[in-house]
Amino acid sequence: MENYLDFIKNKIKNNISIEQIVVTDNSHKHTRHKFFDKNKYHLHLDIKSEFLKLEPRITAHRRITKILEEELKKKIHALEINIR
């Protein structure tokens, strides 16, 4: 699992100018949800990026989700993004 989180971190780093990123797996908090799938992740991204801060919030979030488009289809069930 740690490798997958590193993969997500590196994929974002390679596509956007960021100073820092922390990827947290919060899947364990959702095990009782109706549509919980143990094969999909609930991730929280904490991103420090002057580049993304210059954009409107929705644009920055769309940029991140576009980068992770394939992962969102296959391995990520939920994605929380915090940009600072």
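Every number in this text was worked out from the coordinates using simple rules, so none of it is lab data. On a predicted model such as this, the values are computed, not experimentally measured, just so you know. Ideal geometry is used to build each Cβ from the backbone, glycine not excepted, and the neighbour counts take in all protein chains shown.
Below is a table of values for the structure above.
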read-out: Violating pairs (Cα-Cα greater than 18 angstrom) within the set Lys53/Lys75; Lys13/Lys66; Lys13/Lys40; Lys11/Lys66; value: Lys53/Lys75; Lys13/Lys40
read-out: Hits among aspartates and glutamates - C-alpha to C-alpha of Lys73 under 20 Å, sequence gap 8 or more where chains match; value: Glu2, Asp6, Asp25, Asp37
read-out: Dipole magnitude (debye, nearest 20) for the chain, charges at Cβ of Lys, Arg, Asp, Glu; value: 300 debye
read-out: P(r) tail fraction, the chain - alpha-carbon pairs more than 16 Å apart, %; value: 49 percent
read-out: DSSP-defined beta bridges in the chain - what % are antiparallel, rounded to 5; value: 45 percent
